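The values are calculated or read from the model by the stated rules, or taken from the named source; none is laboratory data. Just so it is clear, the structure is predicted and the values come from calculations on it, not from any experiment. Cβ coordinates were reconstructed from backbone atoms using ideal geometry, including for glycine residues, and neighbour counts include every protein chain displayed. Heads up: the accessible areas ignore ligands, DNA and RNA and are worked out on the full protein's heavy atoms, side chains in. Shrake-Rupley method; radii C 1.70, N 1.55, O 1.52, S 1.80 Å.
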Amino acid sequence: MKKILTLFLFVAAACISQAQTTKPLVIKGIVTDSVKKDPIGYVTIVLQDAKTSQQLKSTLTKDDGTFQLLAAADKTYKLEIVFVGYRNKIVSVDNTKPDLGKILLSATSKQLDAVSITATKPIIKQEVDRISYNVQSDPESKVMTVLDMLRKVPMVSVDATDEIKLKGSTDYKILINGKESALIAKNPSDVFKAMPASNIERIEVITTPPAKYDAEGLAGIINIITKKNLDQGYNGSVNVRYSNVWGPGSNLNFTLKEGKIGFGGFFGYNHQNTNTTASGNTNDITSPVVNIDQQASNTRGGNNIYGSGELSYEIDSLNLLTASFQHYYGTNNTSTDQFLTETDGSNALLQSYHLANSGAANYSGYDMSLNYQLGFKKNKDQLLTLSYKYSPSSNTQNTDAAYLQAFSPMQPLYNYKQHDNSGTDEQTIQLDYVQPFKVWTIEAGAKAILRNSFSDFENYNQLTPGSDYTVDPTQTNNLNYEQDVYSVYNSYQAKLTNWVFKGGLRLEYTKIDANFLSSGGTTLDQTYDNLVPSVSAQRTLTKNSSLTFGFTERINRPGIWQLNPFADKSNPKFINQGNPDLQPVTNHTLELNYSNFAKGSITIGVNYAFSNNTIQNVINVNPADTVTTTTYQNVGTSKRLGFDLNTNYPLTKKLNVNINAELIHVWVSGFYNGALYNNSGDQGHIFTYTSYKFSDTFNMGMNIGYDSRYVLLQGLDNDYFFYSLSANKDILKKKATISMYVNNPFETQKKIDFFNSGPNFTQSNYNYVLARAITVSFQYKFGALNKEIKKNQRGINNDDVSSGSGH
């Protein structure tokens, strides 16, 4: 300890000595309006190296427009000056005259593409059709996972079971870099738990998706933009971390640009520690009277491997060729001990057993795409793009269940095994054209998605103890589901002095051909058309505020995870099963948002959405065998009226508060199994994040949040309260960062519960989730870049079907 203290004092003395011998350069000035000559407060001043344009430090002007920066006198510098409602300005710094005096900013004559907060690094941006959260501007991006970061994004929530919701709904679409990805098709939560937020540049919530996007996603689109530093030279970072819950993980980001060829991507691995939690449920059936009580011990562990890469080749100044690849592979190994007791109205024992259940599942997804972009000499923003993408994905699930200590005189119990192999093979061809004019921008395109989904499932029973397993033909089948979607779109955008208008139409033709190969050739053949409008407008009220309006229609086409008829009997009293007869749903959404970025940022919004024939998760209890089956069904109407609040406010230069809140009133109704269900109520969330910047290299943060129970057709789901602390310290001249994140430090596990009911049953369910998680990580940056690489501005984004878990 004495040696470390001596070394610390030596380094500190050396720094003081250096500071005494080298007089710093004091760069100062005052920023004023070029017309009114009034000083402007809270303007972002960024100090850059004059040769490399590397950002060195930044500050904000005071209320009187003045600013001051200290810099070493042995370099040359320039300042970039940024403020909402004004043109950006670059000012060269003369080291012999560092007092720049008055710096005049000119107001923009046209509406800005995006309104951003005036902070050193803007976090929130409001555009005409979306709100974006700049992850790299959040200090906790160095220590949090992508799933944790989503809780801070406006209109997004994550509940106790890690289910992601947009405006309180699970009907939405997730894109990666504007494209649908097999990376997150089955269960995005698992992928985002394994991936560090340092991989992500920003997260966009596209509330009014324009016509160029597929019409899928009732609540809208979550678009996750990965981090890319595609400049001349090379650049990268290495992140290693360990969590007591999620285990060890590592991540490599790498970028290389040499001449006309560039490559950027990341690769990561995460091992989830094996953990055990408890769960249970009660099911009270009224006719005949039966009471079921079930308790279970659940153990789970697994691995995740993910990667993404993009190769770019500039043929010449007008021709660009890019190729990209994404991959995710995950495994889950589970074991469950279930204990069931079933009694009648007189409390007489009807059935009891101990079921030992072991399972193994793996999921893999690929994306491989090729894009050709043609530019035009007359206008660099006039583009023609041709794209092709191939996306295969598969999910394999195996279950082996054995009954121990069974008592079942009325119903024989057989040991059983289950196998299911399902997935999707998808090919997409797309053509896009963009024609910009002085005020107008016109976009048009055509697209074809050829999608083949499949499910091959088998069930085997052991009819006597120790006998061979035989196939159960009632639970064995092979589904082939072909869905082809052809579409054309046309959209227009106009930028005026104080207005931005955006609107378009998309026409989609869908053809479905499905058959059960093992059931005598049962088929499904249907076609339908959808004309999908989208309209949005943004009005600049002042230099710091704007009003945004949007209207759109969206479509929910069920995906293979909702269609798959495979009956998952890992819990034989509670079966989960898809429905191949699901029909598409159309949703109508209106929204109005007000944004103000005078000092911090505040966005207030109201939205209303309604749809008929909605897809709901429904439950049926069969009184004959007391088995509960959960599936999907088109069952009626859904209406939502929502209010959103997001603010990011600097209380001081070092203390900052972020609030992400939403309140929604829901009405849902529909017929299922001959019964009419009506349910309504309030739901929502509030997530807060407070950060304190002790120095330029040390930050701490605290998160406190609550996600309420959400209204279901037949009941209510779970609610969740959480709290966490984080800290990160930059070292080695900011090339490395040490971080720590502590989630729910005073609770090892949390109990969550949810409820369902019908005409003949009432159910109560609970399970424990891991709460206390301590994560330590180390990140190191390397390399140097100096020239921007050209990137494709258009590409394929298949967002026309629902993803896993209802997304």
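Just checking, which of Ser491, Ser487 is among the hydroxyl-bearing types (Ser, Thr, Tyr), touching a Pro at 6+ places or on another chain (Cβ under 6 Å) and surrounded by 15 or more Cβ atoms within 10 Å (Cβ to Cβ)?
When all the criteria are applied, what remains is Ser491.
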- region 726-753, residues that are of a type in the set (A, V, I, L, M, F, W, C) and outside any strand (DSSP E or B): Leu732, Phe746
- Residue list for region 296-322, restricted to those being open to solvent by less than 10 Å² (accessible area, probe 1.4 Å) and either among the polar types (S, T, N, Q) or modelled with pLDDT of 95 or more (or both): Ser312, Thr322
- Item | Flag if Leu218 is within 24 Å of the chain's Cα centre (by Cα), under 27 Å from Tyr172 (Cα atoms) and either aliphatic (A, V, I, L, M) or at pLDDT 95 or above (or both) | yes
- Among the residues of region 710-749, which ones are more than 24 Å from the chain's Cα centre (by Cα), surrounded by 17 or more Cβ atoms within 10 Å (Cβ to Cβ) and not aliphatic (A, V, I, L, M)? Gln714, Gly715, Asp730, Thr737
- Item | Restricting region 780-795 to residues that are hydrophobic (A, V, I, L, M, F, W, C) and modelled with pLDDT under 55, the residue that is surrounded by the most Cβ atoms within 10 Å (Cβ to Cβ) | Ile789
- For region 448-469, how many residues meet the condition of being open to solvent by 50 Å² or more (accessible area, probe 1.4 Å) and either outside any strand (DSSP E or B) or small (Gly, Ala, Ser) (or both)? 5
- Item | Every residue from region 754-779 that is touching an Asp or Glu at 6+ places or on another chain (Cβ under 7 Å) and either assigned to a strand (DSSP E or B) or open to solvent by 20 Å² or more (accessible area, probe 1.4 Å) (or both) | Phe754, Phe761, Thr762, Ser764, Asn765, Tyr766, Arg772
- Restricting attention to region 601-624, which residues are open to solvent by 50 Å² or more (accessible area, probe 1.4 Å) and part of a loop (DSSP other than H, G, I, E, B)? Asn612, Asn613, Pro623, Ala624
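Take Glu443 and tell me if it is open to solvent by 30 Å² or more (accessible area, probe 1.4 Å) and either part of a strand (DSSP E or B) or among the charged types (D, E, K, R) (or both). If you could, list the steps in order and put the result at the bottom.
Details: open to solvent by 30 Å² or more (accessible area, probe 1.4 Å): no; either part of a strand (DSSP E or B) or among the charged types (D, E, K, R) (or both): yes.
No, not satisfied.
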- Message: Quick check on my filter: what residues within region 375-416 are touching a residue at least 40 places away in the same chain (Cβ under 8 Å), open to solvent by less than 50 Å² (accessible area, probe 1.4 Å), closer than 30 Å to Ala323 by Cα and outside any loop (DSSP other than H, G, I, E, B)?
- Response: Gly375, Leu383, Thr385, Ser387, Lys389, Ser391, Pro392, Ser393, Asn395
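Within the bounds of region 540-550, is there any residue that is among the hydroxyl-bearing types (Ser, Thr, Tyr) and open to solvent by 40 Å² or more (accessible area, probe 1.4 Å)? Even if it seems obvious, please write down each step before you answer.
So the first thing to find is which residues in region 540-550 are among the hydroxyl-bearing types (Ser, Thr, Tyr), and the list is 540, 542, 545-546, 548.
Pick out the ones that are also open to solvent by 40 Å² or more (accessible area, probe 1.4 Å) and you get 542.
Within region 540-550, one or more residues are among the hydroxyl-bearing types (Ser, Thr, Tyr) and open to solvent by 40 Å² or more (accessible area, probe 1.4 Å).
For region 757-781, give me the residue count where each residue is within 28 Å of the chain's Cα centre (by Cα) and not β-branched (Val, Ile, Thr). It would help to see each step written out before you state the result.
Within region 757-781, the subset within 28 Å of the chain's Cα centre (by Cα) is 765-781.
Filter again for not β-branched (Val, Ile, Thr), leaving 765-768, 770-773, 777-781.
So the count comes out to 13.
Per-residue answers, yes or no, for (1) open to solvent by less than 50 Å² (accessible area, probe 1.4 Å); (2) within 20 Å of the chain's Cα centre (by Cα):
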position: Val635; (1), (2): yes, no
position: Ser638; (1), (2): yes, no
position: Lys654; (1), (2): no, no
position: Asn660; (1), (2): yes, yes
position: Ser669; (1), (2): yes, no
position: Tyr672; (1), (2): yes, no
position: Ile686; (1), (2): no, yes
position: Tyr689; (1), (2): yes, yes
position: Tyr692; (1), (2): no, no
- Note on the structure: Going through (1) surrounded by fewer than 20 Cβ atoms within 10 Å (Cβ to Cβ); (2) at pLDDT 90 or above; (3) in contact with a Ser or Thr (Cβ under 7 Å, 6 or more places away or on another chain) one by one, Glu201 fails only at (2)
- Query: Looking at (1) open to solvent by less than 10 Å² (accessible area, probe 1.4 Å); (2) within 30 Å of Gly65 (Cβ to Cβ); (3) among the small types (Gly, Ala, Ser), which is the only condition Ala598 fails?
  - Reply: (1)
- Residue within region 501-514 that is surrounded by 16 or more Cβ atoms within 10 Å (Cβ to Cβ) and under 25 Å from Phe597 (Cβ atoms) present: yes
- Subset of region 694-709, residues open to solvent by 60 Å² or more (accessible area, probe 1.4 Å), of a type in the set (Val, Ile, Thr) and part of a loop (DSSP other than H, G, I, E, B), comes to none
- Members of region 229-253 that are free of Cβ contacts under 8 Å to residues at least 40 places away in the same chain and open to solvent by 70 Å² or more (accessible area, probe 1.4 Å): Leu252
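Restricting to region 64-92, count the residues that are over 18 Å from Ser106 (Cα atoms) and not aliphatic (A, V, I, L, M). Walk me through it before giving the result.
Kept after step one, since they are over 18 Å from Ser106 (Cα atoms), are these residues of region 64-92: 67-78.
Of the ones still in play, those that are also not aliphatic (A, V, I, L, M) are 67-68, 74-78.
Number satisfying all stated conditions: 7.
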- Task: Can you give me the number of residues within region 174-189 that are surrounded by 23 or more Cβ atoms within 10 Å (Cβ to Cβ), modelled with pLDDT under 75 and out of contact with any Asp or Glu (no Cβ under 8 Å at 6 or more places or on another chain)?
- Result: 3
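Give me the residue from region 139-166 that is among the basic types (Lys, Arg) and more than 12 Å from Ile686 (Cα to Cα) and, out of that set, modelled with the highest pLDDT. Don't jump to the end; show me each part of the working.
Narrowing region 139-166 to residues among the basic types (Lys, Arg): 142, 151-152, 165.
Pick out the ones that are also more than 12 Å from Ile686 (Cα to Cα) and you get 142, 165.
Working: Lys142: 74, Lys165: 83.
Among those residues, the one meeting the criterion is Lys165.
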- Note on the structure: Over region 80-97, the set of residues modelled with pLDDT of 85 or more and either under 26 Å from Ser545 (Cβ atoms) or of a type in the set (Asp, Glu) (or both) is Glu80, Ile81, Lys89, Asp94
- Note on the structure: If we ask which residues in region 417-440 are in contact (Cβ under 8 Å) with a residue 60 or more places away in the chain and either out of contact with any helix residue (DSSP H, G or I) (no Cβ under 9 Å at 6 or more places or on another chain) or of a type outside the set (Ser, Thr, Tyr) (or both), their number turns out to be 8
- Message: modelled with pLDDT of 95 or more, in a strand (DSSP E or B) and of a type in the set (A, V, I, L, M): which single residue out of Leu663, Leu676 fits that description?
- Response: Leu663
- Item | Hits in region 98-131 - residues which are modelled with pLDDT of 80 or more and open to solvent by 20 Å² or more (accessible area, probe 1.4 Å) | Pro98, Asp99, Leu100, Gly101, Lys102, Leu104, Ser106, Lys125, Glu127, Arg130
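Residues checked against (1) in contact (Cβ under 8 Å) with a residue 60 or more places away in the chain; (2) out of contact with any helix residue (DSSP H, G or I) (no Cβ under 6 Å at 6 or more places or on another chain); (3) among the basic types (Lys, Arg):
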{"position": "Asn281", "(1), (2), (3)": "yes, yes, no"}
{"position": "Val290", "(1), (2), (3)": "yes, yes, no"}
{"position": "Gly307", "(1), (2), (3)": "no, yes, no"}
{"position": "Gln326", "(1), (2), (3)": "yes, no, no"}
{"position": "Tyr329", "(1), (2), (3)": "no, yes, no"}
{"position": "Asp337", "(1), (2), (3)": "no, yes, no"}
{"position": "Asp344", "(1), (2), (3)": "no, yes, no"}
{"position": "Asp367", "(1), (2), (3)": "yes, no, no"}
{"position": "Leu370", "(1), (2), (3)": "no, yes, no"}
